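*Asks:* Quick one: the structure is below, and I'll ask about it shortly.
The values are calculated or read from the model by the stated rules, or taken from the named source; none is laboratory data. Just so it is clear, the structure is predicted and the values come from calculations on it, not from any experiment. Positions of Cβ are backbone-derived with ideal geometry, glycine not excepted, and every protein chain shown enters the neighbour counts. Quick note on the areas: whole protein, heavy atoms, side chains included, nothing else; ligands and nucleic acids left out. Shrake-Rupley method; radii C 1.70, N 1.55, O 1.52, S 1.80 Å.
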Amino acid sequence: RWDGGKWEEWLAAPDIVNPNALLAFEVSLYIGNNGTGRLLAADFESGAISEVACLGRGNIDGIKPAGDGSLLVSHWEGELFRVAPGGAVEKLFDTRAVRRYCADFDYLQGEKLLIVPAFFSNRVDSYRLGR
């Protein structure tokens, strides 16, 4: 981080393995670990790291707030999850069988519209979430 006119290390921890997806939201930096499927949160104030949820093996590629306190999290391989504030994980869709990969995505909260670039298939898919 930039502090007082110089760069300094803010966070280093053995729990952070192959980080890919990042989201600065409210009081935490959310970190998606590739391969392990672990979603971590680092508190901005203390730097303390906690596990929010484990989504199973896969590469976390996107993290977005859902607008209801939960987070939407994608696995690059084609899965999208909703992670509740308490850490409960709900799989919203799985397109692995048709090999439609799910790269980082965008979510328009007001419209409840999820926009997903379908990696390698030269397309962009959209889904309206029911909540």
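*Asks:* So, in Å, what gap is there between the alpha-carbon centers of the range 1-17 and the range 34-112?
*Replies:* Result: 24 Å between the Cα centres.
*Asks:* Follow-up question, since we're still on this one. Normalised by the residues of the chain, what does the relative contact order come to in percent, with Cα pairs under 8 Å and at least six apart?
*Replies:* Relative CO of the chain lands at 13 percent.
*Asks:* Which ³J(HN,Hα) values in Hz, rounded to whole numbers, follow from the phi angles of the range 101-110 under the Karplus curve 6.51 cos²θ - 1.76 cosθ + 1.60, where θ = phi - 60° and Gly and Pro get x?
*Replies:* Once rounded to whole Hz, the list reads 6, 10, 6, 4, 9, 10, 9, 9, 4, x.
*Asks:* Something else about it: Tell me the Kirkwood hydrodynamic radius of the chain in angstroms, computed as one over the mean inverse distance between distinct C-alpha pairs.
*Replies:* Its Kirkwood hydrodynamic radius stands at 15.3 Å.
*Asks:* For the range 1-112, what % of the accessible area comes from carbon and sulfur atoms, probe 1.4 Å?
*Replies:* Carbon plus sulfur share of accessible area: 50 percent.
*Asks:* Please give the peptides 61-70, 86-95, 110-119 ranked by average Cβ packing (other Cβ atoms within 10 Å per residue), highest first, as a rough proxy for protection.
*Replies:* 61-70, 110-119, 86-95
*Asks:* Next up: Show which lysines lie in cross-link reach of Lys91 when reach means a straight Cα distance below 17 angstrom and same-chain residues fewer than eight apart are skipped.
*Replies:* Reachable lysines: Lys64, Lys112.
*Asks:* So, one more: With a 1.4 Å probe and every protein chain left in place, work out the accessible area per residue of the chain in Å², rounded to a whole number.
*Replies:* Accessible area per residue: 56 Å².
*Asks:* Once amide H atoms are placed 1.01 Å from N in the peptide plane, what residues at a sequence separation of 5 or more from Cys102, or on another chain, have their amide H within under 5 Å of its amide H?
*Replies:* Glu77, Gly78, Glu79, Phe119
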